[in-house]
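Below is one structure, written out as structure tokens, with a few remarks after it.
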Amino acid sequence: MTVAISVDKLEKTYASGVVALKGVSLEVEQGDFFALLGPNGAGKSTFIGILSTLVRRTDGDVRIFGRNVDTHVYRTKLDLGVVPQEINFSQFEKVGDIVMTQAGYYGLPRKLAAQRTEKYLKQLGLWEKRDTRSRLLSGGMKRRMMIARALVHEPRLLILDEPTAGVDIELRRSMWDFLLEINRAGTTIVLTTHYLEEAEQLCRNIAIIDEGRIIEDTSMKKLLLELDTHAYILDAEADLDLDLRHDEPGLSLRKVDSHSIEAVLSGGRDINSAIAVLDRLGIRIVSMRNKANRLEQLFLSRLRASENGGD
Amino acid sequence: MFTDHRLIAFETIIIKEVRRFMRIWTQTMLPPVITISLYFVIFGNLVGSRIGEMGGFRYMEFIVPGLIMMAVIQNSYSNVVSSFFSQKFQRSVEELLVAPIPNYVILSGFIAGGMARGLCVGFIVTLVSLFFADLPLYSPVITISVVLFTSLVFSLGGFINAVFANNFDDVSIIPTFVLTPLIYLGGVFYSIELLPPFWQLVSRLNPIFYMVNTFRYGILGTSDIDVAWAFAMLVLFAVLLFGACIWLLRRGTGIRS
Ligand SMILES: Nc1ncnc2c1ncn2[C@@H]1O[C@H](COP(=O)(O)OP(=O)(O)OP(=O)(O)O)[C@@H](O)[C@H]1O
Ligand SMILES: [Mg+2]
């Protein structure tokens, strides 16, 4: 299996004295859809900055598809596309020109650059906006334009730094579909996000970073399995004035409002047992959803564990 | 049609630079042309007719080469400093920095953009000057090469200025407080023979003095200085500044954290 990203003992101390990364080692396999999770200021953007050469590392090694970024500058840059967290295009230029220019920077001949620009602006729903000045785009359109720009040279590895921040639900879902599709087509994707649901929906593997250290690096499945509590909101068919008392171990039920119940399962209990209990109580469930975020709980518990255990 | 990726990147930067100064031509092309045309009218025509001769030529003919040079210097410099600084400011310079473009290509692209504007404005000003004066064009080779080198040197200067600039004030400080005085004192309006010996010596420390005089020599065939020496100096400046720019880019000064 080829490794798309391999970093070893990455350290970064900014000129201001802030230590942003304290020995980060990480591997992302080719073809993976990888999430990098962490609170504000954890060092995610710094990490991405180092991969894209915008941030100079203080120490450590970076390889992209097995090639050292210092000795294979041309190749490693060609393999990488980055969608940054902050807007970084000229506000005065036209959408089409921005993407075309980026293609030129990557050495694509004009004809090919024009084809790719058209292809990706179309895929991201921006072709009609090609002659619009970029500052007149909405926030969501600006993000999509940056995705088109990052893809124009068709990199094997795409890194997105909080791509869906400030993007509405509908658009977020269509972005997810788009990313899943290009991942299926073979592009390795790494994204950072604060929307934990996003990581859960999209990613196969995940690392959690906090204060410049990786505190968890595992598969999404394992991580979710490790959680011992799952909370669901169940919507009942009829008004609820029934008693919710029961004697099933590992299950607690609580009325949320006249139509819904919160069920918290622990100790390996699954949702079937909750439904069986409710059935016995004469309550019919018409729909259900995950309560908030299990990842969020896990995230907090990991942070707590590392604070207690660490240093 | 270029095939090498570096040449394509170079071409792309130039296209972007030219598109920028053409898009905002009312800020980039029009003002210098108007200002310098006013110099022609006021100093050359109105005042100049009372001054008589300078360095053996009509005053108008004497100042035209200096004013053309002034246009080239100011526009080459300010194109690179504003363009590169505004790319830093808007962070669109990151588009260049993440791409596989060697530093010398990035630098050459911006420099070519600065030279394009400097030469464009210089050319328009020259056309305007033809309404006021006959330019004999004594040596086309010297004239053209000194313009090219001067434009190159000041484009490089503008680049260094932009690398260190942190705000818009930093972009205008050098042009206002250094460049303009050096140009005015560089023998654009007078021959240094008119100055007392001490000030003649001081004038000779001003690099712009050599550029203006060499250019004037190319056009009129008259000069206060040794032309070969002026060229040697121009080439030296260009090499040193180019080296300094590459060094700054490699260190990532002002652009990589
Ligand atoms: N250019 C810089 N100069 C100095 N310090 C910086 C710079 N960029 C980031 N930092 C600091 O480095 C630390 C990590 O920042 P970074 O941007 O990598 O965090 P992040 O995980 O991306 O956060 P967020 O989720 O808010 O985007 C922070 O303490 C931040 O203040
Ligand atoms: Mg960030």
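All of the numbers you see were taken from the coordinates with simple rules; none came from a lab. Just so it is clear, the model here is predicted, and its values are computed rather than measured. As a convention, Cβ positions derive from the backbone with ideal geometry for all residues, glycine included, and neighbour counts pool all protein chains shown.
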Chain A pair-distance distribution - Cα-Cα, 20 Å bins, rounded %: 29, 49, 21, 2
Got a sec to turn the phi values of the stretch B:172-186 into Karplus ³J(HN,Hα) couplings, 6.51 cos²θ - 1.76 cosθ + 1.60 with θ = phi - 60°, whole Hz, x for Gly and Pro? 9, 4, 5, x, 6, 9, 10, 5, 4, x, 4, 5, 4, 8, x
Please give the net charge around A:Asp279, taking every other residue with its beta carbon less than 13 angstrom from that of A:Asp279, where Lys and Arg add +1 and Asp and Glu add -1. 0
Computed magnitude of the charge dipole of the protein assembly as shown (debye, nearest 20; Cβ of K, R +1, Cβ of D, E -1): 1440 debye
By count of other Cβ within 10 Å, fewest leading, how are B:Arg250, A:Arg173, A:Arg269 ordered? B:Arg250, A:Arg173, A:Arg269
Mind listing the long-range amide H neighbours of A:Asp217? Cut-off is under 5 Å, sequence gap 5 or more, other chains count too, H placed in the peptide plane at 1.01 Å from N. A:Ile208
Charge sum, other residues only, whose C-beta stays under 14 Å from B:Val18's C-beta, Lys/Arg counted +1 and Asp/Glu -1: +1
Using helices alone, what [θ] at 222 nm do you get for chain B, with -39,500 (n - 2.57) per DSSP H run of 4 or more residues, divided over all residues and rounded to the nearest 500? -23000 deg cm²/dmol
If you put +1 on each Lys and Arg Cβ and -1 on each Asp and Glu Cβ, how big is the dipole of chain B around its Cα centre, in Debye rounded to 20? 580 debye
Using only Cα atoms, figure out Rg for the stretch B:128-257 and give it as a multiple of 2.2 N^0.38 Å. 1.20
Expressed in nm², what is the orientationally averaged projection area of the convex hull enclosing the Cα positions of the stretch B:1-73? 7.1 nm²
Diffing the stretch B:236-249: the Karplus 3J(HN,Hα) column from phi (6.51, -1.76, 1.60, θ = phi - 60°), in whole Hz with x for Gly and Pro, holds 4, 4, 4, 5, 4, 5, 4, x, 5, 4, 4, 4, 5, 5
Using a cut-off of 14 Å between beta-carbons, work out the net charge of the residues near B:Asp134 (Lys and Arg +1, Asp and Glu -1, B:Asp134 not included). 0
Could you work out, for the stretch B:173-247, what percent of all Cα-Cα pairs fall into each 5 Å distance bin, beginning at 0 Å and stopping at the bin that holds the largest distance? 3, 15, 22, 23, 20, 11, 4, 2, 0
Find the centroid of the Cα atoms in the stretch B:81-153 and in the stretch A:126-191, then give the distance between the two in whole Å. 36 Å
Distance in Å, no decimals, from the C-alpha centre of the stretch A:37-73 to the one of the stretch B:2-62 is 44 Å
Before rounding to the nearest 500, sum -39500 (n - 2.57) across all DSSP H runs of length at least 4 in chain A and divide by the residue total; then give [θ] at 222 nm in deg cm²/dmol. -10500 deg cm²/dmol
Which loop-located GluC sites (Glu not before Pro) does the stretch A:62-123 contain, where loop means any DSSP state but H, G, I, E or B and the Cβ has at most 16 other Cβ atoms within 10 Å? A:Glu86
For chain B, compute Rg over Rh where Rg is the Cα radius of gyration and Rh is the Kirkwood radius from the inverse mean 1/r over Cα pairs. 0.99
Distance (nanometres) between label positions extended 7 Å along Cα→Cβ at A:Asp61 and A:Glu118: 4.6 nm
Label point 7 Å beyond Cα of B:Arg250 along Cβ direction - residues of the stretch B:101-129 with amide nitrogen under 17 Å: B:101-108
Take B:Arg251, B:Arg19, B:Arg50 and order them by how many other Cβ atoms sit within 10 Å, fewest up front. B:Arg50, B:Arg251, B:Arg19
At q = 0.06 Å⁻¹, what base-10 log of I(q)/I(0) does the Debye formula yield for the protein assembly as shown when every alpha carbon is treated as an equal point scatterer in vacuo? -0.45
Two-decimal Rg/Rh across the stretch A:228-292, once Rg and the Kirkwood Rh are taken from alpha-carbon atoms: 0.92
Selection from A:Gly81, A:Thr117, A:Gly43, by position along the positive dipole direction of chain A (Cβ): A:Thr117
Students often get this wrong, so check it: of A:Lys111/B:Lys88; A:Lys22/A:Lys77; A:Lys22/A:Lys44; A:Lys94/B:Lys16; A:Lys9/A:Lys77, which have C-alpha atoms separated by over 19 Å? A:Lys111/B:Lys88; A:Lys22/A:Lys77; A:Lys9/A:Lys77
What is the dipole size for chain A, taken about its Cα centre, with +1 at each Lys and Arg Cβ and -1 at each Asp and Glu Cβ, in debye to the nearest 20? 1560 debye
Can you give the angle from 0 to 90° between the axis of helix B:30-39 and the longest principal axis of chain B, with both taken from C-alpha atoms, to the nearest 10? 20 degrees
Compare the Cα positions of B:Thr28, B:Ser92, B:Ile63 along the charge dipole of chain B (+1 at Cβ of Lys, Arg; -1 at Cβ of Asp, Glu; about the Cα centre) and return the one farthest towards the positive end. B:Ser92
